[in-house]
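The values are calculated or read from the model by the stated rules, or taken from the named source; none is laboratory data. Just so you know, these numbers come straight off a predicted model, no measurement behind them. Please note: Cβ atoms are built from the backbone with ideal geometry, for glycine as well, and neighbour counts cover all protein chains shown.
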């Protein structure tokens, strides 16, 4: 009888032991949850203007020569936009028809970018890279280039301005004279220098800067005048160097930050 009781006690002890050990085991401390640090967001908008007012695609304007005309496309690239060693963005594409005024958004600190310099266009290394090899969300990826990459002439179109013009002063609106200004290739890249950039706080951690694009200066920039009746096409090909240089130089002069 005693043997039987001892056996029962033994087996009960064996069964209870893991429960005791489990109850005595210390819980592994969990690492503290660290909340993500909020990051400032910077946004640059571009405001195309003509005659001091907002420029609208497909609306009718007048050149200094008196021709009625309409803008049908307005796009441009910038690259290596930075302040000293701090890079704001490697590349950005402005596409007025598809994106409106929005140029780009990045997560950076506004205090690091009180001035900016870079390129109007795509610098040489990026310009000759495989356009399919960029990340899917990169503005240089062929799927995002929006017709700003040449297949026949490897490289990107830096500036694209397209217009249609009525060159007859007969009161009949016929916009059948097309102006096509596609400027690219390494030869025509332009440097940009903006000595003062003002970031305006919109809400907590969100800041905006405004870039003005005065398209009057695209056609008339001092003595550099584009007469759209006689100077109306460039694809930056051989024989088109003079108009290509005039177009991108005037376009550069049309850009300035609103401070």
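Computed values, structure above
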quantity: Qualifying strands (runs of 3 or more DSSP E) (wholly inside region 1-97; at least 1 residues being more than 22 Å from residue 209 (Cβ to Cβ), in contact with a strand residue (DSSP E or B) (Cβ under 9 Å, 6 or more places away or on another chain) and modelled with pLDDT of 95 or more); calculated: 60-62, 68-83
quantity: Some residue of region 98-109 being over 26 Å from residue 127 (Cα atoms) and surrounded by 11 or more Cβ atoms within 10 Å (Cβ to Cβ); calculated: yes
quantity: Top-ranked residue in region 118-134 [being crowded, with 17+ Cβ neighbours inside 10 Å and touching a helix residue (DSSP H, G or I) at 6+ places or on another chain (Cβ under 8 Å); ranked as farthest from residue 95 (Cα to Cα)]; calculated: 127
quantity: Residue count for region 250-259, restricted to those that are surrounded by fewer than 17 Cβ atoms within 10 Å (Cβ to Cβ) and assigned to a helix (DSSP H, G or I); calculated: 1
quantity: Members of region 194-228 found to be closer than 21 Å to residue 253 by Cα and within 17 Å of the chain's Cα centre (by Cα), listed by number; calculated: 194, 197, 209, 210, 211, 212, 213
quantity: Qualifying positions in region 202-241 - loosely packed, with under 12 Cβ neighbours inside 10 Å and assigned to a strand (DSSP E or B); calculated: 202, 203
quantity: In region 134-171, the residues that are out of contact with any strand residue (DSSP E or B) (no Cβ under 8 Å at 6 or more places or on another chain) and without any contact (Cβ under 8 Å) to a residue 60 or more places away in the chain; calculated: 134, 135, 136, 137, 141, 143, 151, 152, 154, 168, 170, 171
quantity: Sole exception among (1) surrounded by fewer than 22 Cβ atoms within 10 Å (Cβ to Cβ); (2) touching a helix residue (DSSP H, G or I) at 6+ places or on another chain (Cβ under 9 Å) for residue 184, by number; calculated: (1)
quantity: Every residue from region 51-63 that is over 16 Å from residue 161 (Cβ atoms) and loosely packed, with under 12 Cβ neighbours inside 10 Å; calculated: 51, 52, 53, 54
